[in-house]
Amino acid sequence: MPINDEARVGFYICHCGHNIANMVDVTSVAEYAAKLPNVVLSRDYKYMCSDPGQEMILKDAEVFKLNRIVVASCSPLLHENTFRNATAKAGINQFYFQMVNIRENASWVHEDKELATVKAKDLVRAAISRVVFHKALEKKKVPVNPDVLIVGGGISGISAALNIANAGKKVYLVEKDPTIGGYMAKFDKTFPTLDCAACILTPKMSAVLKHPGITLMSYSEVAAVEGYVGNYQVKVTRKPRYIIEEKCVGCFACIDACIFKEAKFSDEFNEGLSKRKPVYIPFPQATPQVVLIDDKTCIHFKTGKCPQSCAKACDRNAFDFDQKPVTQELEVGTILLCTGFQPFDAARAPYYGYGRYPNVYTSLEVERLVNASGPTGGNVVLRDKTRPKSIGIIHCVGSRDEKTNKWCSRVCCMYSLKLAHLLKEHTDAEIYNFYIDMRTPGKGYEEFYDKLLNEGVHFIRGRVAEVSDWAINEHEKGKLVIRAEDTLIGMVRRIPVDMVVLAVGIEPGKDAQDIRRVFNISCSNEGFFLERHPKLAPVETFTDGIFIAGACQGPKDIPDSVAQAGAAAAQALALIDSGFVELEPNTAFINEELCCGCQVCINLCPYHAITFDETKSVSHINEAICKGCGTCVAACGSGAITQNLFEDQQILSEIYGLLVE
Amino acid sequence: MKYLYYPGCSLKSSGKLYEISLLAVLKRLGVEVEELENWNCCGATNYMSINESYAIEITARNLAIAERMVGIEMIVPCAACFMGFLKTQKYMESDPVTREKVNDLLNKAGLSYTGKVKIRHPLDVLVNHLGTDALAKTAEMPLKGIKVASYYGCQLIRPYATFDDQWNPHTMDDIARAMGATPVDWPLKSRCCSGSMTSTMTGIGLRMNYVILKEAKSRGADVIITACPLCQFNLECFQGKISRKLKEDVRIPVMYFTQLMGLAMGIPAKQLGLKQMLSPSLVLT
Amino acid sequence: MSTIENSNKDWSPRIIAFFCNWCTYTASDLAGVSRLRYAPTTRVIRVMCSGRIDPEFVIEAFTQGADGILIGGCHPGDCHYSEGNYKCLRRYHLLQRVIGQMGIDQRRLRLEWISASEGKRLQEVVNEMTETLRQLGPSPIKEVVQTVIK
């Protein structure tokens, strides 16, 4: 193993309380490390990340004239910066530091203390042998573009946009649908206060539209993102509405004039419970108040043989049938993803008969049915226009189920209670809630449940087995029979009802995986966006400068979504107001004397950071563009490329350290 | 088009009419079958409930023999055998311990099984391979106006089969429709017929059959068709007794779907075994 | 003598694991946080991208006595740097040939795509590979190389 006599290494091993010390013999590792080459000092300590732990490094560095620091503790993804800062405070270049992960990579995953200790010693040896070859580097400071991109115009995106714009920053709000508002716009009342969703949401929607700091880009999607924290370049594709947005005033004269006298296409906003025309506005308070044409159903786009009565009815000449998707480029410093969720597809739980029996509804359909501005004007009637006299609400549809989604969707118990209340109010029907467990943790939530218990709504504790039209007596004839085990009385019950409401759960949006790829972030196993830390960094991602809020991170109700949007906005503002970001100096550079000019590296670089200098016949890396993946380094035949922090010699010495004593 | 054919014990005894009619129909459709040589019981009822691993092991023997016939898929008509085969395959595929143990035993008998045999139910072959259009062309005497309740029983579709919708199976309906008949929609398609309970716990067994017969009748069905020998046996043989006991007429013809197909194809009733039925199925001819 | 052979346990292989920072290293953190137990055989070397893994590292690790080498990167299409994992895949295929020619059993080098959320997969892969290497026994290469050098 090569030796560097000038290196004076201080080694520290952390007990992390019992987290490490229980599975790794820290004293023995410390004693072992003390005997390794270049190690001047070796200590073990209860909590290295604590203030006294860091102070210790400071003092030792001075007394023992240390110039390299190695800390064996948790994952570098958690505390590398903490210890780099401590190293810097001790007057040592922060990159003369190496961290050894003996918690996530050893003590937490092994069961044999002896072998875990052996592993820890190997890892420590590798780090000490590596740190000797570290170089002094400086972090590069780059300014942060103060503009912010927010993707998703549901309640989370709206809240975050207003928070950030109110702080005086410029916000681009990109929404894939023709209007902002998201799912909240479809709801009737909100639990537990029963205030009307539209009444509290629509003012915020128009505030977004009117805010001078917010550029609303509806019916648009982010196509590509490049750059890095503080300096992102974003391509947004604006889908054609076939209406010039600036000209439309939302008079709806075109809708009346459409050649289709009757609306005959499924209305997405009303969950298909009503019809719309090819030229339409999703709902009266849609923001922006701009109509659009659905080119899949419009006669003009299908046959080219339409008199275009809609365009003729428009006295502002807002129609443009030749509109094409337009790509717009934005430059922003931070990005907030508020892309939301999708409701569980009830057809995936075929035992509940959705799609098979017309009177089985999803909760979202019922939200529209009880809504005064819904397809029936708030009159709750079945598909045959009769009023239901008995209604069964089935909780946990698609949630807490091995076969579908294992997680609890968090909102269904509460919205089922809300719907029970509203349906009772609208129809005076007998209402049966079938639940597995009632989950009402939240301010005023348990009280709301109590209220419902006193309203004469029935609660049956048990998972529903099936919904069918199998009647075994006169009483059940013509009804939907819900069969469930009532676990409180220990019997299987058959409850005949007129209407079944399926409380569908929350799952990741169907485009979550695409979004994740565009923004280079990760998803957790179930497909929601992965936060940087489940407790301490719930709105940050592993990609600096990209934050997440709302149900795209996991099932969440409105208050939690708004709170998280606030948190994400605060994080973005903190980043912007600090003015600059420090970048890891892990970029690569080429030693011109060694470069043979073969240009193998040039095609390997996904960022086109490498160019060929014809005059010198050597390649050159633009370090401002380089992101530090190291792919070119591994490919360079003449060993001319070096990646800072991951130099060949550093990695090789790590390998030797692991394998050679 | 040629398939291996595993009849299983039932189709050689109580379910003989299933075999007769199935082979007649397949012949008419130009589907060649070759009976698996030296086959043994699939282990369904007795072994499966007393010692599951014995059942798996003897089914694996059948699979091992079938695997020698490279490239051929095997038709398994009996619902219990069909499920047994799929279960064995699933266990051997997903559980290394079972796989090793079973293969050890097979090796002792000079056999081995690597998982290559494809098990298919006749419904799967007819609907997904031949297609209902091809079937419809063979219906020389379409069963116009006849209402059919398709009954799959509890073993055929769940939990392992993938050729049909597990909650609302439709392949038998598709066939009935191709034969010119009208399928009735009913919710008890895959409810249990009580299996052997008609002999062990007669009261419960009869009750479960009653529920099925009554619902099919009340939905206006003229005939129940099935793909399981035990279901056919239970529903057909006990309907008289049930009707007498409960003083309610729940009698209705119960036949194999292949017999119904044979009728539509103009195959003589005798060749379909219809003359040996107990329920008044001849009314259909 | 390495520290592992010093221990009085049954022989246990030593696997050098090159994990990319964004996916597999994060997965190994997740396995830790989730307390998923696996064999204490891996020694992780963190690189920013699996594309950084120079074939030399792999050959060097084998000649220095590694019993197995595990490379972990992001799933195809998910690379934090667009396509570093594809470059890694190419090198992996090349390396498989080279180590075959060197007389190293090809099962000693394994490439796995393990995303940040697949802590469970990481556990499975390490356990599987440990089992395979246990059956293969210690890698003979170090001794061979030393004999040749002598």
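The values are calculated or read from the model by the stated rules, or taken from the named source; none is laboratory data. The shown structure was predicted, so the numbers you read here are calculated from the model rather than taken from an experiment. FYI the Cβ positions are ideal-geometry reconstructions off the backbone, even for glycines, and counts take in every protein chain you see. In case anyone asks, the SASA skips ligands and DNA or RNA and just uses the protein heavy atoms, side chains included. Shrake-Rupley method; radii C 1.70, N 1.55, O 1.52, S 1.80 Å.
Taking a threshold of 20 Å on the Cα-Cα distance, which of the pairs A:LYS477/B:LYS217; A:LYS406/B:LYS118; B:LYS189/B:LYS245; A:LYS477/B:LYS214 fall above it? Show your work: numbers first, answer last.
On the way: A:LYS477/B:LYS217 15 Å; A:LYS406/B:LYS118 32 Å; B:LYS189/B:LYS245 24 Å; A:LYS477/B:LYS214 14 Å.
Distance filter (> 20 Å) returns A:LYS406/B:LYS118; B:LYS189/B:LYS245.
Distance between the pseudo-spin-label points of A:ASP511 and A:HIS533 (7 Å out from Cα toward the beta carbon): 3.3 nm.
Under the combined filter of DSSP loop state and at most 15 neighbouring Cβ atoms within 10 Å, region A:77-153 retains these trypsin sites (Lys or Arg not before Pro): A:LYS135, A:LYS139.
Think of the protein assembly as shown as a dipole: +1 on every Lys or Arg Cβ, -1 on every Asp or Glu Cβ, centred on the Cα centre; then among B:TYR3, A:PRO375, B:CYS237, B:CYS237 lies furthest on the positive end. Projecting the Cα atoms of A:HIS18, A:SER206, A:CYS552 onto the charge dipole of chain A (Cβ charges, centred on the Cα centre) puts A:SER206 farthest toward the positive pole. Per residue of peptide A:528-540, the mean number of Cβ atoms on other chains within 10 Å of the residue Cβ is 1.
Provide the gained length on full extension for the span A:LEU137 to A:HIS211, in nm with one decimal, where the gain is 0.36 nm per separating residue minus the Cα-Cα distance.
On the way: separation 74, 0.36 × 74 = 26.64 nm, distance 4.40 nm.
Result for the pair: 22.2 nm of gain on full extension.
Tell me, what is the percent relative contact order of region A:454-524, built from C-alpha pairs under 8 Å that lie six or more residues apart? Relative CO of region A:454-524 lands at 21 percent.
Net charge within 15 Å of A:THR611 by Cβ-Cβ distance, Lys/Arg positive one each and Asp/Glu negative one each, not counting A:THR611 itself? If you can, show how the numbers build up before the last one.
Details: positive: A:LYS616; negative: A:GLU592, A:ASP613, A:GLU614, A:GLU623.
Net local charge, A:THR611 excluded: -3.
Counting only residues at least eight positions apart within a chain, or on another chain, the lysines with an alpha carbon under 22 Å from that of B:LYS12 are B:LYS2, B:LYS27, B:LYS270, B:LYS275.
Accessible surface area normalised per residue over region B:138-284 is 40 Å², counting heavy atoms of protein chains with a 1.4 Å rolling probe. Ligands, DNA and RNA left out, the 1.4 Å accessible surface of the protein assembly as shown is 52% carbon and sulfur atoms. Taking a ≥ b ≥ c as the square roots of the Cα gyration tensor eigenvalues, with a/c under 1.5 meaning rounded and otherwise prolate when a/b beats b/c, else oblate, which class fits the protein assembly as shown? Oblate. Identify which of C:VAL58, C:VAL98, C:VAL126 has the largest mean-square fluctuation in a Gaussian network model of chain C, with springs joining Cα atoms closer than 10 Å. Fluctuation is largest for C:VAL98. For Cα pairs less than 8 Å apart in space and 6+ apart in sequence, what is the mean separation divided by the residue count of chain B, i.e. the relative contact order in percent? 19 percent. Relative to the longest principal axis of the Cα atoms of chain A, the long axis of helix A:197-210 makes an angle of roughly 60 degrees.
When you look at the Cβ of every residue in A:555-564, what mean number of other chain Cβ atoms sits within 10 Å?
Numbers: counts 0, 0, 0, 0, 0, 0, 0, 0, 0, 0.
So the per-residue partner count for this stretch is 0.
Counting only protein heavy atoms and rolling a 1.4 Å probe, how much accessible area do C and A lose on contact, total for both sides, in Å² to 100? That pair of chains buries around 5000 Å² in total. Directionally averaged projected area (chain C, Cα convex hull): 8.8 nm².
Per DSSP H run of n ≥ 4, the term is -39500 (n - 2.57); total these for chain B, divide by its residue number, and report the mean residue ellipticity at 222 nm rounded to 500 deg cm²/dmol. Present the calculation step by step, with values, prior to reporting the outcome.
Working: 13 runs with 131 residues, N = 285.
After summing the helix terms and dividing by the residues of chain B, the value is -13500 deg cm²/dmol.
Across peptide A:509-522, the mean count of Cβ atoms from other chains lying within 10 Å of each residue's own Cβ comes to 2. Working from label points 7 Å from Cα in the Cα-to-Cβ sense, the A:LYS35 to B:SER112 distance is 5.1 nm. Under a model in which nothing but the beta-carbon of Lys, Arg (+1) and Asp, Glu (-1) is charged, region A:179-332 shows a dipole of about 460 debye around its Cα centre. Among the DSSP helices (H) of chain C, those spanning at least 15 angstrom by Cα along their long axis with an average Kyte-Doolittle hydropathy of -1.0 or more are C:84-102, C:119-136; this is a geometric and hydropathy rule only.
Quote the relative contact order of chain A in percent (integer), defining contacts as alpha-carbon pairs under 8 Å separated by 6+ residues. Present the calculation step by step, with values, prior to reporting the outcome.
Details: 1407 pairs, mean separation 87.3, N = 661.
Rounded, it is 13 percent for chain A.
Of all DSSP bridge pairs formed entirely within the protein assembly as shown, close to 40 percent run antiparallel.
Stretching the chain fully between A:ALA574 and A:ALA347 yields a gain of 77.3 nm (0.36 nm per residue, less the alpha carbon separation). Above 19 Å, the calculated P(r) of region B:1-70 contains 43 percent of its Cα-Cα pairs. Within region A:73-113, the residues that become at least 40 Å² less accessible when every protein chain is included than when their own chain is isolated (1.4 Å probe; DNA, RNA and ligands ignored) are A:LEU77, A:GLU104, A:ASN105, A:TRP108, A:VAL109, A:HIS110. Taking Cα centre as origin and charging only the Cβ of basic (Lys, Arg, +1) and acidic (Asp, Glu, -1) residues, the dipole magnitude of the protein assembly as shown rounds to 2900 debye. Net charge dipole, region A:9-137: roughly 460 debye, given to the nearest 20, about the Cα centre with Cβ charges of +1 for Lys and Arg and -1 for Asp and Glu.
Considering only B:TYR54, B:TYR151, B:TYR18, the Gaussian network model of chain B with Cα springs below 10 Å gives its largest mean-square fluctuation to B:TYR54.
A Gaussian network model of chain B, with springs between Cα atoms under 10 Å, assigns the largest mean-square fluctuation among B:PRO159, B:PRO142, B:PRO169 to B:PRO159.
Between the listed residues B:TYR210, B:VAL184, B:MET265, the Cα displaced farthest toward the positive end of the dipole of region B:138-284, a dipole computed from Cβ unit charges relative to the Cα centre, is found at B:TYR210.
With a Förster radius of 22 Å applied to the beta-carbon distance between C:GLU143 and C:HIS93, the computed FRET efficiency rounds to 0.20. FRET efficiency for the pair A:CYS199 and A:GLU582, taken as 1/(1 + (r/R0)^6) with r the Cβ-Cβ distance and R0 = 60 Å, rounds to 0.85.
Just from its helices, what would the mean residue ellipticity at 222 nm be for chain A, if runs of 4 or more DSSP H residues each count -39500 (n - 2.57) and the sum is divided by every residue, rounded to the nearest 500 deg cm²/dmol? Let's see the in-between values first.
On the way: 17 runs with 180 residues, N = 661.
Computed mean residue ellipticity for chain A: -8000 deg cm²/dmol.
Based on protein heavy atoms only, chain A ends up with 41 Å² per residue of surface accessible to a 1.4 Å probe. Counting only pairs 8 or more residues apart or on different chains, how many lysine pairs in region A:9-137 have their Cα atoms under 16 Å apart? Taking the Cα cut-off of 16 Å, the pair count is 4.
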